[in-house]
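K.L.:
Before I ask anything, here is the structure I am working with.
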Amino acid sequence: MSIFTLTTDFGTQDGYVGAIKGYLLSQHPQATIIDISHDIEPHNIHQGAECIARAYHQYPSASIHIVVVDPGVGSTRLALAVNTGKHWFVSPDNGVLSEILKSHPNSQIYELHSETPWWRKNTSFDGLFLFAPAAAQIARGQSMDLLGTPIRDPVIYDTPEIEIDQTTGELTCQVTSFDRFGNAITNLSLAIYNTCKLEETKIYLRSEILPLRRFYGEQCTSTPFAIFNSDNKLEVSLNQKSVRRILHLNLGDSLLLKPIKPLDDAKQISS
Amino acid sequence: MSIFTLTTDFGTQDGYVGAIKGYLLSQHPQATIIDISHDIEPHNIHQGAECIARAYHQYPSASIHIVVVDPGVGSTRLALAVNTGKHWFVSPDNGVLSEILKSHPNSQIYELHSETPWWRKNTSFDGLFLFAPAAAQIARGQSMDLLGTPIRDPVIYDTPEIEIDQTTGELTCQVTSFDRFGNAITNLSLAIYNTCKLEETKIYLRSEILPLRRFYGEQCTSTPFAIFNSDNKLEVSLNQKSVRRILHLNLGDSLLLKPIKPLDDAKQISS
Amino acid sequence: MSIFTLTTDFGTQDGYVGAIKGYLLSQHPQATIIDISHDIEPHNIHQGAECIARAYHQYPSASIHIVVVDPGVGSTRLALAVNTGKHWFVSPDNGVLSEILKSHPNSQIYELHSETPWWRKNTSFDGLFLFAPAAAQIARGQSMDLLGTPIRDPVIYDTPEIEIDQTTGELTCQVTSFDRFGNAITNLSLAIYNTCKLEETKIYLRSEILPLRRFYGEQCTSTPFAIFNSDNKLEVSLNQKSVRRILHLNLGDSLLLKPIKPLDDAKQISS
């Protein structure tokens, strides 16, 4: 029994998602069809990429993930099918699979053919007329020769780097996304935090020092705090409130981690 | 195994949709239940009608579509069951099936009985207490004699006509809906466009001429353009932006298609 | 075949709900997974409680309801599993099951262990790492000894009482929630209305008398009216409009039911 998941910026009220689900059921009446999200902000490729990256690895092997956030629908952008060895993905080639492709550098990546017995590219609704048929054929175990051509250079978006000042040992990370609760998520991972032994730093947001907490619920006052979230990324949070709204945070805002004691040579951080 | 789809303006946060899905599962534990949308704007019958019209025809035969956008819940409006020969629909008789009924003029149409062993009409929640039980009985293959009475005159809403000026050959269509991306969809179909040989016209929105594009992604500048969408309706669009918001468009705004060359008698358009 | 339902304030765009659904499918590939709602307002425990209370009783026996509105995630609040005899629930111990527990006072209530072979409490995403594994183990029929410890005093929120003036016979109820359509729902049930013989009262909202209607659609004018809704609670409504917005109603606003005739001793209401 096939599992298809759907991650789109279509909303549901126009009926486009309903059409895709109907098509998949017509092709695979026993399929399990799961809505991951249709509330991705219109054209927000980064949000779509992070949404599917959080969810896909929990699914059973051979699940097929249809990911359509597609500002360039109908243009010359390629259409992809990706096999990580465990999961399949179909999507436009615009970066929406960046997190998947970075995590699975040995994936098999195919450019979907422009025309096959099952689809024709370059419609104004590739979600229904291209990606859903491609997913349906993959679920049948159709030979990939009939569906696409291997490629090696899919679009992967740039992610902002964290910056480390070798002289002062100061580390700068930045806000790269917000979640529904208004938490501000940065690009600093727990792995880097541990490697760089950043326990002995203070975390600055603007001129304010943020305490580092273990749990959301631990902090009962109304002051913002830092926490490593379930993705092991440092985030700024505020108890039961939106820190984004209350502190007027924006994407790209930076956090500074300053060593408590001046660096001696032995402890100097190598980036 | 029965397939039920749900299209409503209920939202999900009040739990009403959850109740309907529970009822259907209790009646048909093996059923596949598909959310088409619960985000139809409250009481927006046209939006509900267009949503289900885009989706239903992709579903397998014998699917049962529950469509409840129902400003008159509990009033004297009738309750319908419709069989197009391939699909079943249950809904209030208020126009929300207009597009279905126009596409399938030979449908069998029933007024659901006010009271049966399975339901009683005129509650404040007909979605759960009337339409879901009717759908469940239809899925059992219950005799329609027990469920309703054939009728011939369901409510079908009026759609604005396109206007053609026989003297000048000018055609006026209008914006009849917006999608989630802010595209402005008109009532001019590709079929009429081709029949009337409108390739030799210019498309005016207010005083501006809109280029006619084949793909959304083709137009990389910031100027609005016209395009036939996946429903083969002419729409006004703007690359990765909401043309509705940026041009302050409203329902009923008109587009004018003017012949490039003055009409000669031979080419005069017959409406 | 297990049925899991999900009621959360997570939204869908961050991918957290998608992750939970993937986990459940990995554990129970044949499971039916139903979205009740992910649009509960962030941290709104009352709304979550009312949402699941409207829906759960329609589901088949042995359904497992995962209810996560959890302002205190990762704090010391307990985690619950509740068995009403017919349905299972897993949720934080913060009142979100109040309506269920009030309706089923003989439920078996367990505090989930902090650590088991299947989960560890106190993460920043208990939805995935605690409640979903607990639900999956319950679906396997795992012994409750391994999962939790019986408790007797779960958090149940206070609900505002209706007030009855014994001298005048006047009854005061108040607005306790709003639904998606802007209807204002009060804490006065039809049962109390009937017991207290309130048919012979007039219903005041501020200085205005509200007519009591049987159906939403019955009232075609633009004046607000009172009606008992499908939960048998008195609500204030306005034909096809949001009475909340138009009358600027707030939670806690009161309705006064005044006897038409002064009370004689025989009719005096006993509270």
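The values are calculated or read from the model by the stated rules, or taken from the named source; none is laboratory data. These figures come from a predicted structure and were not determined experimentally. When we count neighbours, we look across all protein chains shown, and the Cβ atoms used for this are built from the backbone with ideal geometry, even at glycine. The area values use the complete protein model at the heavy-atom level, side chains included, leaving out ligands, DNA and RNA. Shrake-Rupley method; radii C 1.70, N 1.55, O 1.52, S 1.80 Å.
K.L.:
Quick query: amide H of C:GLY148 versus all other amide H atoms, modeled in the peptide plane; which residues come in under 5 Å with a sequence gap of 5 or more or a different chain?
P.N.:
Hits under the 5 Å cutoff: C:HIS113.
K.L.:
Calculate how large, on average over all directions, the projected area of the Cα convex hull of the protein assembly as shown is; give the answer in nm² to one decimal.
P.N.:
Result: 41.3 nm².
K.L.:
Here's another thing I want to ask about it. Over all directions, the average projected area of the alpha-carbon convex hull for the stretch A:87-192 comes to how many nm²?
P.N.:
Averaged projected area of the stretch A:87-192's Cα convex hull equals 9.8 nm².
K.L.:
Could I ask something else about it? Take every Cα pair under 8 Å in chain C that's 6+ residues apart, average their separations, divide by the length, and report that relative contact order as a whole percent.
P.N.:
14
K.L.:
Nearest 5 is fine: what % of DSSP beta bridges in the stretch C:3-150 come out antiparallel, could you say?
P.N.:
DSSP beta bridges in the stretch C:3-150 are roughly 50 percent antiparallel.
K.L.:
Still on this model: Across the stretch A:198-203, in residue order, what do the Karplus-derived ³J(HN,Hα) couplings come to in whole Hz, using 6.51 cos²θ - 1.76 cosθ + 1.60 with θ = phi - 60° and x for Gly and Pro?
P.N.:
With coefficients 6.51, -1.76 and 1.60, one gets 7, 4, 9, 10, 10, 9 Hz.
K.L.:
Same structure, new question: Quick one, can you get me the convex hull of the C-alpha atoms of the stretch A:1-74 expressed as volume per residue in Å³?
P.N.:
It comes to 92 Å³ per residue, whole-number rounded.
K.L.:
Straight-line reach from B:LYS21: which lysines have a Cα under 27 Å away, not including same-chain ones fewer than 8 places off?
P.N.:
A:LYS21, B:LYS86, B:LYS121, C:LYS21, C:LYS86, C:LYS102, C:LYS233, C:LYS241
K.L.:
Now, a different point. Rule-of-thumb check for the stretch C:3-150: C-alpha Rg over 2.2 N^0.38 Å?
P.N.:
0.93
K.L.:
Could you work out [θ]222 nm for chain A from helices alone, using -39500 (n - 2.57) per DSSP H run of at least four and dividing by all its residues? Round to the nearest 500 deg cm²/dmol.
P.N.:
It comes out at -5000 deg cm²/dmol, rounded to the nearest 500.
K.L.:
Tell me which B residue has its C-beta closest to the axis rotating B onto A, and the distance in Å?
P.N.:
Residue and rounded Å distance to the axis: B:ASP35, 4.
K.L.:
Output the peptides C:13-25, C:181-193 sorted from most to least packed, where packing is the average of other Cβ atoms within 10 Å over each peptide's residues.
P.N.:
By packing density, highest mean first, the sequence is C:13-25, C:181-193.
K.L.:
Under a 10 Å cutoff between Cα atoms, tell me which one of A:HIS43, A:HIS65, A:HIS248 has the largest fluctuation in the Gaussian network model of chain A.
P.N.:
Highest fluctuation of the listed residues: A:HIS248.
K.L.:
Under a point-charge model restricted to the Cβ atoms of Lys and Arg (+1) and Asp and Glu (-1), what is the dipole moment magnitude of the stretch C:3-150 relative to its Cα centre, in debye to the nearest 20?
P.N.:
Roughly 380 debye for the stretch C:3-150.
K.L.:
Please list the three semi-axes, largest first and in whole Å, of the ellipsoid equivalent to chain A, using sqrt of 5 times the eigenvalues of its alpha carbon gyration tensor.
P.N.:
Ellipsoid half-lengths, sorted descending, are 41, 20, 15 Å.
K.L.:
Using the 7 Å Cα-to-Cβ label point, sort the distances from B:LEU190 to its equivalents in the other copies shortest first and give them in nm to one decimal.
P.N.:
List, nearest first: 5.2, 5.2 nm.
K.L.:
Between chains C and B, what is the buried accessible area in Å², counting both sides, with a 1.4 Å probe and ligands, DNA and RNA left out, to the nearest 100?
P.N.:
So the total buried area for this chain pair works out to about 2600 Å².
K.L.:
Sticking with this one: Given a 1.4 Å probe and every protein chain left where it sits, what share in percent of the accessible area of the stretch B:170-232 is carbon and sulfur?
P.N.:
49
K.L.:
Averaged over its residues, how many other protein chain Cβ atoms are within 10 Å of peptide B:49-57's Cβ atoms?
P.N.:
5
K.L.:
Another question, then. Please give the peptides B:131-137, A:32-38 ranked by average Cβ packing (other Cβ atoms within 10 Å per residue), highest first, as a rough proxy for protection.
P.N.:
Top to bottom by mean Cβ count within 10 Å: B:131-137, A:32-38.
K.L.:
Under the definition of Cα pairs under 8 Å and six or more residues apart, what whole-number percent is the relative contact order of the stretch A:3-150?
P.N.:
Computed over the stretch A:3-150, the figure is 24 percent.
K.L.:
I'm a student and want to see the number: the projected area of the Cα convex hull of the stretch B:163-267, averaged over all directions, in nm².
P.N.:
Projected over every direction and averaged, the Cα hull of the stretch B:163-267 covers 6.5 nm².
K.L.:
Sorted by average packing, counted as other Cβ atoms within 10 angstrom per residue and highest first, what order do A:165-175, B:50-60 take?
P.N.:
Those peptides, ordered most packed to least, come out B:50-60, A:165-175.
K.L.:
Using a 1.4 Å probe on the protein heavy atoms, what percent of the accessible area of the stretch A:3-150 belongs to carbon and sulfur?
P.N.:
Carbon and sulfur together cover 49 percent of it.
K.L.:
Would you work out which of C:ILE66, A:THR168, B:VAL68 lies farthest towards the positive end of the dipole of the protein assembly as shown, given +1 charges on the beta-carbon of Lys and Arg and -1 on that of Asp and Glu, about the Cα centre?
P.N.:
Going by the Cα projections, it comes out as C:ILE66.
K.L.:
Can you list the lysines whose alpha carbon is less than 16 Å from that of B:LYS258, not counting same-chain residues fewer than 8 positions off?
P.N.:
B:LYS197, B:LYS202, B:LYS267
K.L.:
Here's a follow-up. Of the options A:ALA226, A:TYR110, A:THR195, report the single residue whose Cα projects farthest towards the positive end of the charge dipole of chain A (beta-carbon charges: Lys, Arg +1; Asp, Glu -1).
P.N.:
Working it through, the farthest residue towards the positive pole turns out to be A:ALA226.
K.L.:
Then there is this: Quick check on the protein assembly as shown: of the DSSP beta bridges with both residues there, what percent are antiparallel, nearest 5%?
P.N.:
70
K.L.:
Still on this structure, I have one more. Copy-to-copy spacing for A:ILE260, label 7 Å out on the Cα-to-C-beta vector, in nm, shortest first?
P.N.:
Reported distances to equivalent positions: 7.6, 7.6 nm.
K.L.:
Which of the trypsin sites (Lys or Arg not before Pro) across the stretch A:92-191 are loop residues per DSSP, with 14 or fewer other Cβ within 10 Å?
P.N.:
When the trypsin sites (Lys or Arg not before Pro) of the stretch A:92-191 are filtered for loop state and at most 14 Cβ neighbours within 10 Å, A:ARG140, A:ARG152 remain.
K.L.:
While we're here: Between copies, how far does the label point of C:PHE215 sit from its twins, in nm, shortest first, when each point is 7 Å from Cα along Cα→Cβ?
P.N.:
List, nearest first: 5.3, 5.3 nm.
K.L.:
Using only atoms on other chains, find how many Cβ atoms lie within 10 Å of each Cβ of peptide A:91-100 and report the average.
P.N.:
0
K.L.:
Hey, what's the protein assembly as shown come to in accessible area per residue, 1.4 Å probe, Å²?
P.N.:
Dividing the accessible area of the protein assembly as shown by its residue count gives 42 Å².
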